[in-house]
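The values are calculated or read from the model by the stated rules, or taken from the named source; none is laboratory data. Not measured: the values here are computed from a predicted model. Positions of Cβ are generated from backbone atoms using ideal geometry, with glycine treated the same way; all protein chains shown enter the neighbour counts. When the accessible area is computed, the model is the full protein with side chains, heavy atoms only, and any ligands, DNA or RNA have been set aside. Shrake-Rupley method; radii C 1.70, N 1.55, O 1.52, S 1.80 Å.
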Amino acid sequence: EIERFQREVQAAAQLDHPGIVPVYEVGVVHGTPFFSMKLIEGISLAAKLASSPMDQREAAKLVRRAAEALQCAHDHRIIHRDIKPANILLDDTGNPYITDFGLARRIDTASELTSEGQAVGTPSFMPPEQVLGSRSLIGELSDVYALGALLYSCLTGRPPFQGASPMATMLQ
């Protein structure tokens with residue numbers, strides 16, 4: 001858990017983009033690591049979609065902005081691996097911010113925290129290579145797939161795949 005926490009902080013701290021929630025401070029208090037991030041006053045995209053799907057133009061604009069922010073991460077050789085409505089925060093004016101880099105990893109380094117064959121992420125938004133746990137195949141295009149799943153959710157109000165259990169969803 002500490003390693004994943006440190007990875008999230010390191011990944012998010014090096015990203016400077018108006019569409020990514022910035023990290024302000026990192027430290028340890030009484031042996032407990034912490035980090036502080038910008039407060040985004042608003043709601044998550046998941047909360048917004050709980051009431052109804054979005055208008056087509058609004059959805060396209062939101063996903064375009066999220067894609068631009070994600071490109072910043074990719075430019076820094078970081079893949080998010082968990083793009084989903086709950087990880088997109090919307091400020092009071094509707095601007096999206098990507099957050100939660102807990103599963104992120106550098107593209108050019110192998111993670112000791114995830115072994116080959118281990119699927120990590122949110123099943124409804126994971127690309128096939130991530131469902132299979134094919135670490136060597138997971139990259140920028142995996143995040144692009146998740147953006148497509150995000151757009152689908154914005155337009156329909158539901159994820160593209162939704163089973164009775166996480167395993168049933170992955171099998172879909």
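Using a 1.4 Å probe on the protein heavy atoms only, what accessible surface does Tyr152 show? Give it in Å² to the nearest 10.
In the full protein context, Tyr152 sits at about 90 Å².
Could I have the simple spin-label model distance between Gln14 and Gln162, label points 7 Å from Cα toward Cβ, reported in nm to one decimal?
Those two pseudo-labels are separated by 3.7 nm.
Give me Rg/Rg_expected for the range 9-69, where Rg uses Cα atoms only and Rg_expected = 2.2 N^0.38 Å with N residues.
Cα Rg divided by the expected 2.2 N^0.38 Å: 1.47.
Please identify the trypsin sites (Lys or Arg not before Pro) of the range 1-103 that satisfy two criteria: DSSP loop assignment and at most 15 other Cβ atoms within 10 Å. Which are they?
Here the trypsin sites (Lys or Arg not before Pro) that fit, given the DSSP loop and packing criteria, are Lys38, Arg77.
Over the range 6-106, what is the relative contact order in percent, taking alpha-carbon pairs closer than 8 angstrom and at least six residues apart?
37 percent
Explain nothing, just the number: dipole magnitude of the chain about its Cα centre with +1 on each Lys and Arg Cβ and -1 on each Asp and Glu Cβ, in debye rounded to the nearest 20.
Using only the charged Cβ atoms, the result is roughly 360 debye.
With unit charges on the beta carbon (Lys/Arg positive, Asp/Glu negative), name the residue among Val9, Leu151, Ile40 whose Cα is farthest towards the positive pole of the charge dipole of the chain.
Leu151
What are the GluC sites (Glu not before Pro) within the range 11-85 that DSSP puts in a loop, where the Cβ has at most 14 other Cβ atoms within 10 Å? All intermediate terms of the calculation are to be shown ahead of the outcome.
Numbers: sites: Glu25, Glu41, Glu58, Glu68; in loops: Glu41.
Filter output for the range 11-85: Glu41.
Report, by chain and number, residues whose modeled amide H sits under 5 Å from the one on Met37, excluding near sequence neighbours (fewer than 5 apart, same chain).
Excluding prolines and chain starts, which carry no amide H, the hits are Tyr24.
Going by amide H atoms built from the backbone, whose H comes under 5 Å of the H on Ile78, apart from near neighbours?
Ile107
Give me the one-decimal nm value for the distance between modelled label points at Ile107 and Gln71, 7 Å along each residue's Cα-to-Cβ direction.
Output for this residue pair reads 1.3 nm.
Using just the helices of the chain, give the 222 nm mean residue ellipticity in deg cm²/dmol: DSSP H runs with n ≥ 4 each add -39,500 (n - 2.57), and the total is spread over all residues, rounded to 500. Could the numbers behind the result be given before it?
Details: 6 runs with 66 residues, N = 172.
Here the helix-only value at 222 nm equals -11500 deg cm²/dmol.
State the percentage of accessible surface on the chain attributable to carbon and sulfur atoms; use a 1.4 Å probe and exclude ligands, DNA and RNA.
For the chain, the apolar C and S fraction of the accessible surface comes to 54 percent.
Write down the accessible area per residue of the range 37-164 in Å², having rolled a 1.4 Å probe over the full set of protein chains. Before the final figure, lay out each step's value.
Details: 6130 Å² over 128 residues.
With the other protein chains kept in place, the range 37-164 gives 48 Å² per residue.
For Phe101, Phe161, give me the order by solvent-accessible area with a 1.4 Å probe, most accessible first, ignoring ligands, DNA and RNA.
Per-residue accessible area, sorted high to low, gives Phe161, Phe101.
Where the Cα atoms of the range 1-107 are projected onto their three principal axes, how long is each span, largest first, in whole Å?
46, 29, 21
At 15 Å minimum axial length over the Cα atoms and a Kyte-Doolittle cut of 0.0, report the qualifying DSSP H helices in the chain, or say none.
140-156
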